Ligand code: HEC
């Protein structure tokens, strides 16, 4: 095997601003990358959190043989941007997001040269090929979801292998506090596809006339006395109104620190509702060293760690709007026409429709979470101020399975006079009638939830 090879220049392929080693001449002559020296460190930092023996992805990438066999697929998945999963466009054309989990141009180049070249093994370091150590959020309060064995319903249109279950989680705080960061540690990473924590005021009205959130949650809980919690799908449970969403977790995510001085307020009598998405799909079907079997004998109890501050300089709020779901309450539900590959739905509202007092000056959008159901295809959110429309978040290929809040590197601003809008498109070709809004699996939503805070003081 040659010890030197001509470096492959990715500039033409990728049109990335920074390209390693494409200056021509001597710089193009580099050592051929090896798995253990060059590729494994990238896998460890950007892939192995999911691609490990007990992970949600079905083949481990800290294993030379597996990686060598799949090198072509790995190269294709990273060059095309499919892996690691990152749903919102982050090429700078619509919003500037914190995307450190994705690969740099240099890393893409190393993987390509290794996959297209000799796929050399190199020399593995002595000792156990340890996984990257799990970072820990300091000074956190710990909560645990009950130990539950998911029950899957083969007739569930969302997925015969999925269960969405919600559990109440009393905050247990002595007074008002502000959440400033979080960490989710799945008990059984192979079956946890996502987790979210909603904050609900139990004495506030629910979406059901005359009932409080607390009453609606108690009814749902009582409906299945043999198991903890209740079924829930689009949020903390049908008809429960939440006022904050401090935690959204998907595999691969570790410690989340809110921006400096920012916190989400929580009151002592608020109830946190944890939504767990269990998925028993496909573990081990594909071999590759992962011996998952799937099946209802697998249980989970997930650790949720929250960090509280007694006060913060910038009290954040979660805003959310869904014109499609909203039409249901206005008594004249909009619907999506059936039989279309690209049925489109748009809403645009002034800022006061988001329940922000007009006296509140400009707000910065810190993070955004797009939300549609299974028929969703694309999502685009904009903020219009003084006739100027700014694209702030776009999803080109929606995947219901990768829910999450995406943090901005450069937060867009919403002024008191701004309009906020979203356009969603859906594939309704398999629908048997018009698709109505709602929380159910057969219904659709076109929702944006986003965290805002007053701008940092200069
Ligand atoms: C957040 C979790 C996660 C991370 C991080 C992740 N993957 Fe994946 N990956 C998955 C899951 C789940 C699947 C299987 C389901 C699917 O295809 O969507 C998958 C499938 C794949 C596949 C086969 C399907 C395809 O699209 O080609 C390849 C190859 C792959 N991953 C490579 C990588 C590489 C290389 C990295 C790191 C640069 C990485 N993945 C990071 C979760 C992840």
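Which condition number in (1) at pLDDT below 95; (2) over 30 Å from residue 69 (Cβ atoms); (3) exposed (fewer than 15 other Cβ atoms within 10 Å of the Cβ) is the one that residue 258 fails?
(3)
Determine which single condition residue 72 fails, assuming it passes every other condition in (1) within 16 Å of the ligand (Cβ to nearest atom); (2) under 23 Å from the mean Cα position of the chain (by Cα); (3) at pLDDT 90 or above.
Checking residue 72 against (1) within 16 Å of the ligand (Cβ to nearest atom); (2) under 23 Å from the mean Cα position of the chain (by Cα); (3) at pLDDT 90 or above, the one that fails is (2).
If a residue counts only when it is within 20 Å of residue 250 (Cα to Cα) and touching a residue at least 12 places away in the same chain (Cβ under 8 Å), which strands (runs of 3 or more DSSP E) contained entirely in region 363-458 have at least 2 such residues?
Counting at least 2 such residues, we get 363-371, 376-385, 388-395, 406-410, 447-453.
Only one residue in 67, 105 is buried (at least 18 other Cβ atoms within 10 Å of the Cβ), farther than 30 Å from residue 174 by Cα and within 14 Å of the ligand (Cβ to nearest atom). Which one?
On inspection, the qualifying residue turns out to be 67.
For (1) farther than 30 Å from residue 261 by Cα; (2) touching a strand residue (DSSP E or B) at 6+ places or on another chain (Cβ under 8 Å), each residue gets a yes or a no:
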residue: 161; (1), (2): yes, yes
residue: 165; (1), (2): yes, yes
residue: 171; (1), (2): no, yes
residue: 176; (1), (2): no, yes
residue: 180; (1), (2): no, yes
residue: 196; (1), (2): no, yes
residue: 205; (1), (2): yes, yes
residue: 211; (1), (2): yes, yes
residue: 215; (1), (2): yes, no
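Out of curiosity, is residue 430 surrounded by fewer than 16 Cβ atoms within 10 Å (Cβ to Cβ) and within 16 Å of the ligand (Cβ to nearest atom)?
Spelling it out, it is not the case that residue 430 is surrounded by fewer than 16 Cβ atoms within 10 Å (Cβ to Cβ) and within 16 Å of the ligand (Cβ to nearest atom).
Can you tell me which residues in region 415-433 are under 21 Å from residue 238 (Cβ atoms) and modelled with pLDDT of 95 or more?
Answer for region 415-433, where residues must be under 21 Å from residue 238 (Cβ atoms) and modelled with pLDDT of 95 or more: 424, 426.
Just need a number here: residues in region 100-122 that are at positive phi and modelled with pLDDT under 95.
Matching residues across region 100-122 total 1.
When you look at residue 259, is it away from the ligand (no atom under 16 Å from the Cβ) and within 21 Å of the chain's Cα centre (by Cα), yes or no?
yes
For residue 84, all conditions in the list (1) near the ligand (Cβ under 10 Å from one of its atoms); (2) touching a helix residue (DSSP H, G or I) at 6+ places or on another chain (Cβ under 6 Å); (3) assigned to a helix (DSSP H, G or I) hold save one; what is the number of the exception?
With (1) near the ligand (Cβ under 10 Å from one of its atoms); (2) touching a helix residue (DSSP H, G or I) at 6+ places or on another chain (Cβ under 6 Å); (3) assigned to a helix (DSSP H, G or I) applied to residue 84, the lone miss is (3).
Go through region 298-340 residue by residue and tally those that are under 25 Å from the mean Cα position of the chain (by Cα), within 27 Å of residue 443 (Cβ to Cβ) and assigned to a loop (DSSP other than H, G, I, E, B).
Of the residues in that region, 1 qualify.
When residue 31 is evaluated against the numbered criteria (1) within 16 Å of the ligand (Cβ to nearest atom); (2) at pLDDT 50 or above, which criterion, by number, is the only one it fails?
Only one criterion is unmet by residue 31, namely (1).
The values are calculated or read from the model by the stated rules, or taken from the named source; none is laboratory data. Keep in mind it's a predicted model, so treat the numbers as computed, not measured. Heads up, the Cβs are rebuilt from the backbone with ideal geometry, glycines too, and the neighbour counts pull from every protein chain shown.
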